[in-house]
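Enquirer: Okay, handing you the structure first.
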Amino acid sequence: MKRKSQSELIMEMDDREITLQLVLTQLSILILALIGSVFLFDAFWADWSSQFDFHVNELLVYGFLPGLMVLLIDLFLVYRLPQRMYDDGGINVKVFKNRSSLSIIGITLLVAVSEEMLFRGVLHAEFGYVIASVLFAVMHIRYLTKIVLLVSVLFVSFFIGYMYEVTGNLLVTILAHFLIDVVLAFWIRFGKWGEVDE
C-alpha cells in the first residue's frame, strides 16, 4: 500500500482537523523550547528574560523592515515565477483559505512565537547561528523538492537568524516572522496568491 504524502493527508482533513493539528504541532514546539531551556540554560528565567527587550527602534530596524523586505521579495517572485514553483502541494492554501481574520492572526502569532523561541531562543542561543538556521529550514521538509521554496526558506531562516545574531532579541525575530506569515496568509485568504501561472 502506497504511503500518503503530507499534502495528501492535509487535503483529506477538514478545517477543524487542520486547526487542531497545527495548534498541537506549535504547542509541541513551544514545549520543546521550554524543556530544552530547562536543560540548556544556566538560569531559566534570567536567560529567557534577557532575550525579550522592547526597544521600538530595534523592533523597527531589525524586525519590521527585514520582514517587509522578505515580503516584497516573496511577492515579487510569486508574480514573476510560474505558480508551480511556489506550490507546496496546496498545504498553505488549505490551511489559510477559509480562515477568519482573527484565526489567521492567532495562528501566525502562535507559529512565530513557538518557532522563534525554539530555533532562536534555545537552539541559536545555545548552539549557534548556523545550526539553528539549518534546523529551521529542515523543519520545513515539504519544501525540499521545490528549489524556489527551499532557497526561500533557507534565506529567511539565515536572514532572521542574523537579526537575532545582531540583537539577541526574540521580539525582533518574532515580529519579522509574524509579519511575513500573517501577510502571506492574508494574501492566500483573499485569493491573491499565485494568480500568475505559465
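The values are calculated or read from the model by the stated rules, or taken from the named source; none is laboratory data. Being a predicted model, the structure only gives us computed values, none of them experimental. Heads up, the Cβs are rebuilt from the backbone with ideal geometry, glycines too, and the neighbour counts pull from every protein chain shown. Surface areas here come from the heavy atoms of the whole protein model, side chains and all, with no ligands, DNA or RNA. Shrake-Rupley method; radii C 1.70, N 1.55, O 1.52, S 1.80 Å.
Enquirer: How many residues, within segment 87-105, are among the hydroxyl-bearing types (Ser, Thr, Tyr) and in a helix (DSSP H, G or I)?
Expert: Here the count works out to 2.
Enquirer: Taking the condition farther than 26 Å from Leu40 by Cβ and either among the polar types (S, T, N, Q) or over 17 Å from the mean Cα position of the chain (by Cα) (or both), does Ser152 pass?
Expert: Yes.
Enquirer: Something else about it: Determine, yes or no, whether Val78 is in contact with a Phe, Trp or Tyr (Cβ under 7 Å, 6 or more places away or on another chain) and not basic (Lys, Arg). Walk me through how you get there before you give the answer.
Expert: Working: in contact with a Phe, Trp or Tyr (Cβ under 7 Å, 6 or more places away or on another chain): yes; not basic (Lys, Arg): yes.
In short, yes.
Enquirer: Residues that are loosely packed, with under 14 Cβ neighbours inside 10 Å, within 16 Å of the chain's Cα centre (by Cα) and of a type in the set (A, V, I, L, M): find the helices (runs of 4 or more DSSP H) completely inside segment 1-86 holding 1 or more of those.
Expert: 15-40, 65-80
Enquirer: I want to confirm something. Restricting to segment 87-102 and keeping residues that are in contact with a helix residue (DSSP H, G or I) (Cβ under 8 Å, 6 or more places away or on another chain) and open to solvent by 30 Å² or more (accessible area, probe 1.4 Å), which single residue is farthest from Gly191 (Cα to Cα)?
Expert: The selected residue is Gly89.
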